[in-house]
Structures are given as structure tokens and as C-alpha cells.
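The values are calculated or read from the model by the stated rules, or taken from the named source; none is laboratory data. Everything numeric here is computed off the predicted structure, so don't read it as measured data. Note: ideal-geometry Cβ built from the backbone for every residue, glycine included; neighbour counts use all protein chains shown. Only protein heavy atoms, including side chains, enter the accessible area calculation; ligands, DNA and RNA are left aside. Shrake-Rupley method; radii C 1.70, N 1.55, O 1.52, S 1.80 Å.
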Amino acid sequence: MEGYDNPMRRQVFSLPDLIEQQVSDLIPKIADLWTREEALCIQKIILTGCGDSYAACMAEKYTFETLTGIPTEAVPALDLARYYCKEQFGQDKGNPLVIAVSNSGNVARVSEAVQRAGMHGSMTLGITGNRHSELGRHSEKILCSQIPTFENAPGTRSYLVSILALNLLAVRLGELRRNYTSEMGDRYRKDIRNQSDLLRELLPQMDGICLEVARQWKDCPCYEYVGAGFDYAAAWFGHAKILEAVGKFVMHCNAEDWHHLNFFAREADKIGTVVVCNTANPAVSRTKEMVRYAQKLGRPLAIITDGGPEDFDSVRAAYIQVPAPVYPIHMPVTHFAPLCLMAGYLSAITGETYGRDGEGPWEFSKGGRCVRESEIIIR
């Protein structure tokens, strides 16, 4: 748009078609992953990953608990691999199911976490685009995604597929455990698929606002991303895109902790603050309080929501509307899209190169070496 089109923007505009393609691809694969007997044996779920994959796990934790009724944890792969009490893995702890997410499948810590969980008696499922990867080789079951090739940019399409895979897995597990009927399961799946049309309709408006915010915030020395629950997961993902695409200092914070710590930051008028809050979020009242205080401090504000200014007491901010699914637990499928648009525009406007192109002092990160080439220790 106006000379600032960029690969991240083009990835975002490809998402509606990708939703339709991936839902059609994943549903039949997921249908045969477990028998009803296997599903009934699961008494605990652990979701794990690194980076964007961990953000997807945080986003879908509550979806799993809501749909399956199974206590679910989102655990960073390093914690699961090196610190998680091994006695919590075995069958006497309720047949825990470890679901590990890595698009490449070759992230050392994710592979290590799965190997450790399996060694100590947990069921393991790897979600990856590479069946022959380390994750693929060491997982008991595999859900192999097939993402059509596209031009490279910080994880946008891959994040969507991780979210879709986890969301559809939760729907299927709840269905197998007879928490709801197959007809209800189909309604959930239809709601997920329908977000393709909702996103396609909102993208032009979303795109224009994100470009304007990026223009106004291009000189900000730092940014902050705030949310609660699965909205916090989107905020975490948004802060990651700033690091990857723009390289500026950025924070992430949940809406409660913001009131305890982050408001103390000086030069508030220079902190571009992005708040992710859907109107059905149980913490919406607390997030609204945060937004009012941020305005009082003079912070530049952008609010990503399925609502509008009237839902936030008309606080002065850029309001970026995202799709409102029938079932709010499916919000993570699309509400990250403007975060990628904004990061892409900030990168294009400031002339920054994604990932610093792995050059100079960042050479150790070239090709993901610093996350793939790491000693595996199974405890």
C-alpha cells in the first residue's frame, strides 16, 4: 500500500485462503489420531513449544480446557525439558498427553522435551510440517501440516496453522469424550472455517489503520503489547514480530501486571502501546481500566478488538477491528493478523531487514542455527 507493501502484509492477505485450505486438510488427519478409548484415558494435557509455537500453546490452553474438560498447561519447552518434575509424566499421574508444536520440527529444545516426556511415560503428539524431523522421529503420534510455499517473512502463516491445528485437536478431543454431540463439534469446526470470510471482509479496513499507526509510531524507541488470557498470547506474539521484523525494544505484559509495574515507565508518550482485548474476555473490565490509565499517561494507543470505541469508554486510540466468531474461544484464529500488518509496515517504513538478515553480530542465528544446534540432554 502506497509504496509500503511488504512480505508480511502479503502473508496476512493470504490468510483467508489458508484458513480454508488448512481446515480442509487438518480435519480428516485429526479424525483418526485417537480412538475414543484413548481420548478417555487422557487426564492431563501439556502444550509445549518455543517462540511463536509457545504463543500458540498459550492461546489454545483455555480452548483445550473449555472443550475437553481436561486440565491443561502451556509449558515452555526449556522448562518441560530441564525442570518439569519427571514424576508428573507417568501413567499414575493420569496419562498426561504432551502436544509439542514446531513447524520445522528441528528445534532442539522441543525435541528434547518430547524425548524426555516419552521416556517417563507420557503420550506424545508432535505438530510439525516435517514428518522426518527430530520432533517427527521422537513423537508417538504426528499431526503433519502441509503449508503451501509462500515468500519468506516472520512467522505469520505458520502461526495460523499452529493455532488451527491446536484448535481443531481440542474440538476433536471434546467430541471423542462426548462432552458435546458430533453436531456441536461440526458447528465449532464451521465457526473456525467461517473466520476466513470474516477476515477477508475486514482486511482492507484493518490494513489502512495499521499503516497509519505505523506511520505515527515509526520513531517510537520502544513498544508495549498488553492482553489477558488468550488475548495475552496474541500480545506476546505481537511483541515477537516487533523483535523479528523491526528490531526495536519491546515489552509484553498481562493486563493485571501492567497495573503493578509497567505504568511506571518514563517518557510514556514515546511508548507505542498495543492492547489486545476481545469483548467476551473475562478480564475486559481490568483491561479497560488499563487503557484509561494509559491514556492518562499520554501513551499512543492501538486497541485490537472485535468491538469498537463504545466498548472502551471511547478512550482516544486507534481501534482495529478483528472478526467476532460465534464462539469466542476461536478468537485466536484471526486476532493476531493486525499485529503482523503493523510490524510489517514498521519494518518497511524504517527500512529494517527481517531478522537483521543473520548478518554481522547476528550471524549465529543464520538458518536458525542457535535454536537447532544445541546439546540435547535427557534427564
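Comparing N254, N179, N167 in a Gaussian network model of the chain where C-alpha atoms under 10 Å apart are linked, the largest mean-square fluctuation is found at N179. Cα centroid distance between segment 212-264 and segment 38-77, in Å? Centre-to-centre (Cα) distance: 24 Å.
For segment 219-266, what does the relative contact order come out to in percent, with C-alpha contacts under 8 Å and a separation of six or more?
Normalised by residue count, the contact order of segment 219-266 is 42 percent.
Taking the Cα centre of the chain as origin, work out the dipole magnitude from +1 charges on Lys and Arg Cβ and -1 charges on Asp and Glu Cβ, in debye rounded to 20.
560 debye
Sorting 304-315, 45-56, 268-279, 130-141 by their mean Cβ neighbour count within 10 Å, with the most densely packed peptide first, gives 45-56, 268-279, 130-141, 304-315. Provide, for q = 0.13, 0.19 Å⁻¹, the log10 of I(q)/I(0) from a solvent-free Debye sum over equal Cα point scatterers in segment 60-140. Values, matching the q order: -0.37, -0.80. Among T68, T149, T128, which one shows the highest mean-square fluctuation when the chain is modelled as a Gaussian network with alpha-carbon springs under 10 Å? Highest fluctuation among the options: T149. Under a Gaussian network description of the chain, with springs only between Cα atoms under 10 Å, the residue in G129, G69, G351 that fluctuates furthest is G351. Judged by the ratio a/c of the largest to the smallest principal axis of the C-alpha gyration tensor, segment 192-235 counts as oblate, that ratio being 1.5 or greater while a/b is no larger than b/c. Here each label is just a point 7 Å from Cα along the line to Cβ, and for R178 and S24 those points are 3.4 nm apart. Working note: 222 nm ellipticity from helices only, DSSP H runs with n ≥ 4, each -39,500 (n - 2.57), summed and divided by the residues of the chain, gives -14500 deg cm²/dmol to the nearest 500. Taking amide H as placed 1.01 Å from N in the peptide plane, K44 has its amide H under 5 Å from the amide H of L97, each at least 5 places away in sequence or on another chain.
A full extension of the chain between N152 and F264 corresponds to an added length of 36.5 nm, given 0.36 nm per residue minus the alpha carbon distance. In order along segment 75-82, phi translates into HN-Hα couplings of 10, x, 4, 4, 5, 5, 6, 10 Hz, rounded to whole numbers, per the Karplus curve 6.51 cos²θ - 1.76 cosθ + 1.60 with θ = phi - 60° and x for Gly and Pro. Here the gap between Y83 and T66, fully extended at 0.36 nm per residue and compared with their Cα-Cα distance, gives a gain of 3.4 nm.
Normalised by the number of residues in the chain, the mean separation of alpha-carbon contacts (under 8 Å, six or more apart) gives a relative contact order of 20 percent. Taken one residue at a time, the phi angles of segment 66-73 give Karplus couplings (6.51, -1.76, 1.60, θ = phi - 60°) of 5, 7, 9, x, 9, x, 10, 10 Hz. Gly and Pro are set to x. Entry note: the chain has Rg to Rh equal to 0.96, where both radii use alpha-carbon atoms and Rh is the Kirkwood radius. Available extension along the chain between Q43 and E359 is 109.1 nm, counting 0.36 nm per residue and deducting the alpha carbon span. Put simply, the amide H of I320, placed in the peptide plane, has neighbours under 5 Å in I303, I304, T305, leaving out anything fewer than 5 places away on its chain. Think of a 1.4 Å ball rolled over the protein heavy atoms: the chain then has 41 Å² of accessible area per residue. Coupling constants for segment 346-352 follow from the phi torsions by the Karplus curve (6.51 cos²θ - 1.76 cosθ + 1.60, θ = phi - 60°), and in residue order they are 4, 5, 5, 5, 8, x, 7 Hz; glycine and proline get x. Where the alpha-carbon atoms of segment 33-176 are placed on the principal axes, they occupy 46, 32, 23 Å, in descending order. Using a/c under 1.5 as the rounded threshold, could you call segment 153-268 rounded, prolate or oblate? The axes a ≥ b ≥ c are square roots of the C-alpha gyration tensor eigenvalues, and prolate needs a/b larger than b/c, oblate otherwise. Judged from the Cα gyration tensor, segment 153-268 comes out prolate (a/c at least 1.5, a/b above b/c). With the alpha-carbon atoms of segment 269-379 aligned to their principal axes, the span from lowest to highest coordinate is 50, 38, 25 Å, starting with the largest.
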